Amino acid sequence: MSTSSSADEERGVLHVPWEGSFVAFSIDATATLQYYCQGGDVAAKEAIEQLVCKQYAGYCTQWYGFPDQDAAYNRIGLRLVQIGLTKPRPNRTDKFKHTTADMCVPILPATEHPLGRTPLPISKPLPWPNCYQTTMDDFDVLMMPEALDYSKSPVFSPGTDFDISCFTSEDAKRALVSDGGEPDSESIQNDDYAPDISDDVDAVEDIFFSSTDDPMWNKIFTPAVKVNPDLGVINVLSDPGDLWDEHAALKKVIDECKARRRAGSLPPDKKSAVRTQRLHGTHDGPVLSRFSKLAIKLKRARSKIVHVLRFKAFES
(Lines give C-alpha, C1' and ligand atoms only; values in the text may rest on other atoms or scores of the structure.)
Protein backbone atom coordinates (compact mmCIF):
# COMPACT_ATOMS: atom_id res chain seq x y z
CA MET A 1 0.00 0.00 0.00
CA SER A 2 1.33 3.41 -0.87
CA THR A 3 2.06 6.11 1.70
CA SER A 4 -0.79 8.23 0.39
CA SER A 5 -3.19 5.29 0.69
CA SER A 6 -2.11 4.70 4.30
CA ALA A 7 -2.63 8.37 5.11
CA ASP A 8 -6.07 8.25 3.52
CA GLU A 9 -7.06 5.26 5.66
CA GLU A 10 -5.90 7.07 8.80
CA ARG A 11 -8.20 9.96 7.90
CA GLY A 12 -11.08 7.54 7.21
CA VAL A 13 -10.86 7.84 3.42
CA LEU A 14 -11.57 4.45 1.88
CA HIS A 15 -12.87 2.98 -1.35
CA VAL A 16 -15.54 0.98 0.53
CA PRO A 17 -17.32 1.73 3.84
CA TRP A 18 -15.88 0.58 7.14
CA GLU A 19 -17.61 -2.56 8.35
CA GLY A 20 -20.17 -1.39 10.90
CA SER A 21 -20.47 2.15 9.49
CA PHE A 22 -23.66 3.61 8.03
CA VAL A 23 -24.02 4.96 4.50
CA ALA A 24 -26.72 6.42 2.31
CA PHE A 25 -27.26 4.66 -1.00
CA SER A 26 -29.55 4.23 -3.99
CA ILE A 27 -29.64 1.76 -6.86
CA ASP A 28 -27.86 2.88 -10.04
CA ALA A 29 -30.07 1.25 -12.67
CA THR A 30 -27.99 2.46 -15.64
CA ALA A 31 -24.73 1.10 -14.19
CA THR A 32 -26.46 -2.20 -13.35
CA LEU A 33 -27.70 -2.55 -16.92
CA GLN A 34 -24.21 -1.81 -18.21
CA TYR A 35 -22.71 -4.42 -15.89
CA TYR A 36 -25.07 -7.24 -16.82
CA CYS A 37 -26.08 -6.40 -20.39
CA GLN A 38 -23.26 -4.21 -21.75
CA GLY A 39 -25.65 -1.28 -21.78
CA GLY A 40 -28.70 -3.21 -22.96
CA ASP A 41 -31.02 -2.62 -25.89
CA VAL A 42 -33.53 0.16 -26.52
CA ALA A 43 -36.32 -1.67 -24.70
CA ALA A 44 -34.15 -2.18 -21.60
CA LYS A 45 -32.99 1.44 -21.58
CA GLU A 46 -36.57 2.67 -21.86
CA ALA A 47 -37.62 0.32 -19.05
CA ILE A 48 -34.99 1.55 -16.57
CA GLU A 49 -35.90 5.15 -17.33
CA GLN A 50 -39.29 4.37 -15.81
CA LEU A 51 -37.76 3.01 -12.59
CA VAL A 52 -37.78 5.28 -9.56
CA CYS A 53 -34.77 4.54 -7.36
CA LYS A 54 -35.25 5.93 -3.87
CA GLN A 55 -32.71 6.65 -1.15
CA TYR A 56 -31.95 4.20 1.65
CA ALA A 57 -29.50 3.78 4.49
CA GLY A 58 -27.80 0.86 6.15
CA TYR A 59 -24.57 -0.28 7.72
CA CYS A 60 -21.87 -2.31 6.01
CA THR A 61 -21.89 -5.88 7.30
CA GLN A 62 -19.02 -7.29 5.25
CA TRP A 63 -16.70 -7.03 2.28
CA TYR A 64 -16.58 -9.81 -0.28
CA GLY A 65 -12.86 -10.04 -0.87
CA PHE A 66 -10.38 -7.33 0.01
CA PRO A 67 -11.36 -3.87 -1.30
CA ASP A 68 -9.63 -3.11 -4.59
CA GLN A 69 -9.40 0.50 -5.70
CA ASP A 70 -8.50 -0.65 -9.22
CA ALA A 71 -11.51 -2.96 -9.66
CA ALA A 72 -14.55 -1.92 -11.66
CA TYR A 73 -16.69 -2.70 -8.61
CA ASN A 74 -16.35 -3.98 -5.07
CA ARG A 75 -19.05 -6.21 -3.62
CA ILE A 76 -20.23 -5.42 -0.09
CA GLY A 77 -23.12 -6.38 2.17
CA LEU A 78 -25.50 -3.81 3.68
CA ARG A 79 -28.12 -4.25 6.42
CA LEU A 80 -30.87 -1.66 6.15
CA VAL A 81 -32.25 0.81 8.68
CA GLN A 82 -35.88 1.93 8.76
CA ILE A 83 -38.23 4.39 10.45
CA GLY A 84 -40.44 2.62 12.99
CA LEU A 85 -41.34 -1.05 13.17
CA THR A 86 -41.12 -3.42 10.21
CA LYS A 87 -43.78 -3.13 7.54
CA PRO A 88 -45.06 -6.06 5.41
CA ARG A 89 -42.94 -7.18 2.47
CA PRO A 90 -45.64 -8.53 0.12
CA ASN A 91 -43.43 -8.50 -2.98
CA ARG A 92 -40.48 -10.42 -1.56
CA THR A 93 -40.29 -13.83 -3.20
CA ASP A 94 -37.73 -15.50 -0.95
CA LYS A 95 -38.34 -17.64 2.13
CA PHE A 96 -38.23 -14.61 4.43
CA LYS A 97 -41.22 -12.81 2.91
CA HIS A 98 -43.38 -13.37 6.00
CA THR A 99 -42.15 -10.50 8.13
CA THR A 100 -43.87 -9.15 11.22
CA ALA A 101 -43.67 -5.73 12.86
CA ASP A 102 -41.30 -6.90 15.61
CA MET A 103 -38.60 -8.19 13.23
CA CYS A 104 -36.26 -5.29 13.98
CA VAL A 105 -34.25 -3.75 16.84
CA PRO A 106 -34.46 -0.12 18.08
CA ILE A 107 -31.39 2.06 17.60
CA LEU A 108 -30.74 4.56 20.39
CA PRO A 109 -32.30 6.95 21.19
CA ALA A 110 -35.33 4.83 20.14
CA THR A 111 -36.21 2.32 22.86
CA GLU A 112 -39.71 0.90 22.28
CA HIS A 113 -40.08 -2.64 20.95
CA PRO A 114 -42.96 -5.17 21.17
CA LEU A 115 -40.59 -7.89 22.42
CA GLY A 116 -38.61 -5.59 24.71
CA ARG A 117 -35.39 -5.91 22.72
CA THR A 118 -32.44 -3.94 24.06
CA PRO A 119 -31.73 -0.83 21.93
CA LEU A 120 -28.53 -0.84 19.90
CA PRO A 121 -25.75 1.60 20.86
CA ILE A 122 -24.27 3.75 18.10
CA SER A 123 -21.42 6.26 17.94
CA LYS A 124 -23.82 9.15 17.26
CA PRO A 125 -27.58 9.37 16.56
CA LEU A 126 -28.84 8.82 13.05
CA PRO A 127 -30.34 11.95 11.44
CA TRP A 128 -33.91 10.59 11.44
CA PRO A 129 -36.29 10.03 14.34
CA ASN A 130 -37.39 6.63 15.65
CA CYS A 131 -34.84 4.48 13.77
CA TYR A 132 -34.90 0.69 13.86
CA GLN A 133 -32.40 -1.82 12.53
CA THR A 134 -34.04 -4.43 10.33
CA THR A 135 -33.18 -8.08 10.90
CA MET A 136 -34.53 -9.49 7.63
CA ASP A 137 -33.23 -7.02 5.06
CA ASP A 138 -29.63 -7.84 4.17
CA PHE A 139 -28.75 -6.48 0.75
CA ASP A 140 -25.60 -7.17 -1.29
CA VAL A 141 -24.51 -4.43 -3.68
CA LEU A 142 -21.80 -3.49 -6.16
CA MET A 143 -20.11 -0.14 -5.63
CA MET A 144 -17.48 1.59 -7.69
CA PRO A 145 -14.22 2.13 -5.74
CA GLU A 146 -14.55 5.84 -5.06
CA ALA A 147 -12.37 7.40 -2.35
CA LEU A 148 -14.79 8.79 0.25
CA ASP A 149 -14.37 10.00 3.82
CA TYR A 150 -16.20 7.61 6.15
CA SER A 151 -14.65 8.99 9.35
CA LYS A 152 -17.78 10.95 10.31
CA SER A 153 -20.28 8.19 9.52
CA PRO A 154 -22.21 6.76 12.49
CA VAL A 155 -20.82 3.36 13.42
CA PHE A 156 -21.99 0.48 15.58
CA SER A 157 -19.75 -0.53 18.47
CA PRO A 158 -17.91 -3.88 18.29
CA GLY A 159 -20.17 -6.82 18.96
CA THR A 160 -23.36 -5.08 17.82
CA ASP A 161 -23.40 -6.92 14.51
CA PHE A 162 -23.24 -10.21 16.42
CA ASP A 163 -26.21 -9.15 18.57
CA ILE A 164 -28.19 -8.25 15.45
CA SER A 165 -27.28 -11.61 13.89
CA CYS A 166 -28.74 -13.37 16.93
CA PHE A 167 -32.02 -11.49 16.48
CA THR A 168 -31.87 -12.31 12.76
CA SER A 169 -31.60 -16.01 13.54
CA GLU A 170 -34.56 -15.79 15.91
CA ASP A 171 -36.70 -13.89 13.41
CA ALA A 172 -35.70 -16.18 10.55
CA LYS A 173 -37.06 -19.16 12.46
CA ARG A 174 -40.42 -17.46 12.81
CA ALA A 175 -40.44 -16.37 9.17
CA LEU A 176 -39.70 -19.90 7.98
CA VAL A 177 -42.45 -21.39 10.12
CA SER A 178 -44.89 -18.84 8.67
CA ASP A 179 -43.77 -19.94 5.20
CA GLY A 180 -44.41 -23.57 6.02
CA GLY A 181 -40.74 -24.46 6.29
CA GLU A 182 -38.64 -26.09 8.98
CA PRO A 183 -36.55 -23.70 11.10
CA ASP A 184 -33.35 -25.75 10.93
CA SER A 185 -30.03 -24.01 11.50
CA GLU A 186 -28.72 -24.71 8.00
CA SER A 187 -31.65 -23.09 6.22
CA ILE A 188 -31.40 -20.04 8.48
CA GLN A 189 -27.66 -19.49 8.24
CA ASN A 190 -27.20 -20.17 4.53
CA ASP A 191 -28.23 -17.72 1.88
CA ASP A 192 -30.31 -18.97 -1.03
CA TYR A 193 -28.08 -17.23 -3.53
CA ALA A 194 -24.71 -18.04 -2.02
CA PRO A 195 -22.24 -20.40 -3.67
CA ASP A 196 -21.93 -23.98 -2.42
CA ILE A 197 -18.42 -25.17 -1.79
CA SER A 198 -16.83 -28.14 -0.12
CA ASP A 199 -15.04 -28.00 3.22
CA ASP A 200 -11.77 -27.54 1.36
CA VAL A 201 -9.97 -24.55 2.89
CA ASP A 202 -8.66 -23.45 -0.52
CA ALA A 203 -12.20 -23.42 -1.87
CA VAL A 204 -13.38 -21.37 1.09
CA GLU A 205 -10.62 -18.82 0.52
CA ASP A 206 -11.60 -18.62 -3.14
CA ILE A 207 -15.04 -17.43 -2.04
CA PHE A 208 -13.95 -14.77 0.42
CA PHE A 209 -10.97 -13.40 -1.45
CA SER A 210 -12.56 -13.36 -4.89
CA SER A 211 -13.43 -10.16 -6.73
CA THR A 212 -16.68 -9.27 -8.44
CA ASP A 213 -15.06 -10.44 -11.68
CA ASP A 214 -15.07 -14.06 -10.51
CA PRO A 215 -17.39 -16.40 -12.48
CA MET A 216 -18.86 -17.81 -9.25
CA TRP A 217 -20.88 -14.60 -8.83
CA ASN A 218 -22.32 -14.69 -12.34
CA LYS A 219 -25.94 -15.51 -11.58
CA ILE A 220 -26.15 -13.76 -8.24
CA PHE A 221 -28.07 -10.67 -9.28
CA THR A 222 -26.50 -7.80 -7.37
CA PRO A 223 -27.36 -4.22 -8.36
CA ALA A 224 -24.83 -1.44 -8.62
CA VAL A 225 -25.41 1.44 -6.20
CA LYS A 226 -24.36 5.00 -5.54
CA VAL A 227 -22.98 5.34 -2.00
CA ASN A 228 -22.62 8.46 0.14
CA PRO A 229 -21.15 8.51 3.68
CA ASP A 230 -23.11 11.71 4.40
CA LEU A 231 -26.50 10.55 5.70
CA GLY A 232 -27.71 14.14 5.61
CA VAL A 233 -28.31 13.86 1.86
CA ILE A 234 -31.45 11.84 2.64
CA ASN A 235 -34.39 14.07 3.50
CA VAL A 236 -36.91 11.22 3.54
CA LEU A 237 -35.59 7.77 4.40
CA SER A 238 -37.36 5.18 2.23
CA ASP A 239 -38.63 1.89 3.64
CA PRO A 240 -36.61 -1.28 2.89
CA GLY A 241 -39.72 -2.87 1.40
CA ASP A 242 -39.49 -0.38 -1.47
CA LEU A 243 -35.91 -1.48 -2.14
CA TRP A 244 -37.02 -5.07 -2.66
CA ASP A 245 -39.60 -3.80 -5.16
CA GLU A 246 -36.89 -1.91 -7.04
CA HIS A 247 -34.63 -4.96 -6.94
CA ALA A 248 -37.36 -7.17 -8.45
CA ALA A 249 -38.25 -4.64 -11.14
CA LEU A 250 -34.64 -4.11 -12.20
CA LYS A 251 -33.91 -7.84 -12.22
CA LYS A 252 -36.93 -8.34 -14.50
CA VAL A 253 -35.52 -5.77 -16.95
CA ILE A 254 -32.10 -7.47 -16.90
CA ASP A 255 -33.56 -10.97 -17.35
CA GLU A 256 -35.73 -9.88 -20.26
CA CYS A 257 -32.80 -8.14 -21.93
CA LYS A 258 -30.67 -11.28 -21.58
CA ALA A 259 -33.52 -13.39 -22.97
CA ARG A 260 -33.80 -11.18 -26.05
CA ARG A 261 -30.06 -11.42 -26.58
CA ARG A 262 -30.12 -15.20 -26.30
CA ALA A 263 -33.00 -15.32 -28.76
CA GLY A 264 -30.91 -13.41 -31.27
CA SER A 265 -33.00 -10.24 -31.31
CA LEU A 266 -30.10 -8.29 -29.84
CA PRO A 267 -26.78 -9.08 -31.55
CA PRO A 268 -24.09 -8.24 -28.98
CA ASP A 269 -21.78 -5.36 -29.73
CA LYS A 270 -18.40 -7.10 -29.99
CA LYS A 271 -16.41 -4.06 -28.94
CA SER A 272 -18.71 -3.45 -25.99
CA ALA A 273 -18.57 -7.12 -24.99
CA VAL A 274 -14.76 -7.17 -25.07
CA ARG A 275 -14.57 -3.94 -23.08
CA THR A 276 -16.98 -5.27 -20.46
CA GLN A 277 -15.09 -8.55 -20.17
CA ARG A 278 -11.89 -6.64 -19.53
CA LEU A 279 -13.59 -4.62 -16.80
CA HIS A 280 -15.62 -7.34 -15.16
CA GLY A 281 -14.10 -10.64 -16.27
CA THR A 282 -15.75 -13.36 -18.34
CA HIS A 283 -18.85 -14.78 -16.70
CA ASP A 284 -19.22 -18.25 -18.17
CA GLY A 285 -18.14 -20.39 -15.23
CA PRO A 286 -20.33 -22.59 -13.06
CA VAL A 287 -22.51 -21.03 -10.36
CA LEU A 288 -22.90 -22.91 -7.13
CA SER A 289 -25.79 -22.71 -4.71
CA ARG A 290 -24.79 -22.55 -1.00
CA PHE A 291 -21.98 -21.75 1.43
CA SER A 292 -20.53 -24.63 3.39
CA LYS A 293 -20.62 -24.50 7.20
CA LEU A 294 -16.86 -23.93 7.25
CA ALA A 295 -17.23 -20.90 4.99
CA ILE A 296 -19.85 -19.43 7.30
CA LYS A 297 -17.60 -19.85 10.33
CA LEU A 298 -14.68 -18.20 8.54
CA LYS A 299 -16.86 -15.35 7.34
CA ARG A 300 -18.14 -14.62 10.84
CA ALA A 301 -14.66 -14.78 12.37
CA ARG A 302 -13.15 -12.53 9.70
CA SER A 303 -16.02 -10.03 9.89
CA LYS A 304 -15.74 -9.75 13.66
CA ILE A 305 -11.96 -9.22 13.56
CA VAL A 306 -12.12 -6.60 10.81
CA HIS A 307 -14.99 -4.77 12.51
CA VAL A 308 -13.08 -4.48 15.80
CA LEU A 309 -10.00 -3.16 13.98
CA ARG A 310 -12.05 -0.58 12.11
CA PHE A 311 -13.78 0.62 15.25
CA LYS A 312 -10.43 1.01 17.00
CA ALA A 313 -9.28 3.09 14.05
CA PHE A 314 -12.30 5.36 14.54
CA GLU A 315 -11.54 5.77 18.23
CA SER A 316 -7.96 6.74 17.50
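Every listed requirement among (1) at pLDDT 90 or above; (2) closer than 21 Å to V236 by Cα; (3) outside any strand (DSSP E or B) is met by P88 save one, (1).
Scanning segment 98-151 for residues that are in contact with a helix residue (DSSP H, G or I) (Cβ under 6 Å, 6 or more places away or on another chain) and among the acidic types (D, E) turns up just one, D137. All of (1) assigned to a loop (DSSP other than H, G, I, E, B); (2) modelled with pLDDT of 90 or more; (3) in contact with a strand residue (DSSP E or B) (Cβ under 7 Å, 6 or more places away or on another chain); (4) among the hydrophobic types (A, V, I, L, M, F, W, C) hold for F96 with one exception: (2).
Restricting segment 101-139 to residues that are farther than 25 Å from G232 by Cβ and in a strand (DSSP E or B), the residue that is modelled with the highest pLDDT is T135. When segment 62-84 is filtered for residues that are modelled with pLDDT of 90 or more, part of a strand (DSSP E or B) and open to solvent by less than 20 Å² (accessible area, probe 1.4 Å), the ones remaining, listed by number, are R75, I76, G77, L78, R79, L80, V81, Q82.
If you filter segment 175-188 down to residues that are part of a helix (DSSP H, G or I) and surrounded by fewer than 17 Cβ atoms within 10 Å (Cβ to Cβ), you find that the one that is modelled with the highest pLDDT is V177. Considering (1) surrounded by fewer than 19 Cβ atoms within 10 Å (Cβ to Cβ); (2) more than 18 Å from V16 (Cα to Cα); (3) more than 15 Å from the chain's Cα centre (by Cα), the lone condition that D230 does not fulfil carries the number (2). For segment 247-282, the set of residues classified as modelled with pLDDT of 50 or more, under 27 Å from D138 (Cβ atoms) and surrounded by fewer than 17 Cβ atoms within 10 Å (Cβ to Cβ) consists of A248, K251, K252, D255, E256, K258, listed by residue number.
The values are calculated or read from the model by the stated rules, or taken from the named source; none is laboratory data. Here the structure is a predicted model, which means the values were calculated and not measured. Reconstructed Cβ throughout: ideal geometry from the backbone, glycine too, with neighbour counts over all protein chains shown. Quick note on the areas: whole protein, heavy atoms, side chains included, nothing else; ligands and nucleic acids left out. Shrake-Rupley method; radii C 1.70, N 1.55, O 1.52, S 1.80 Å.
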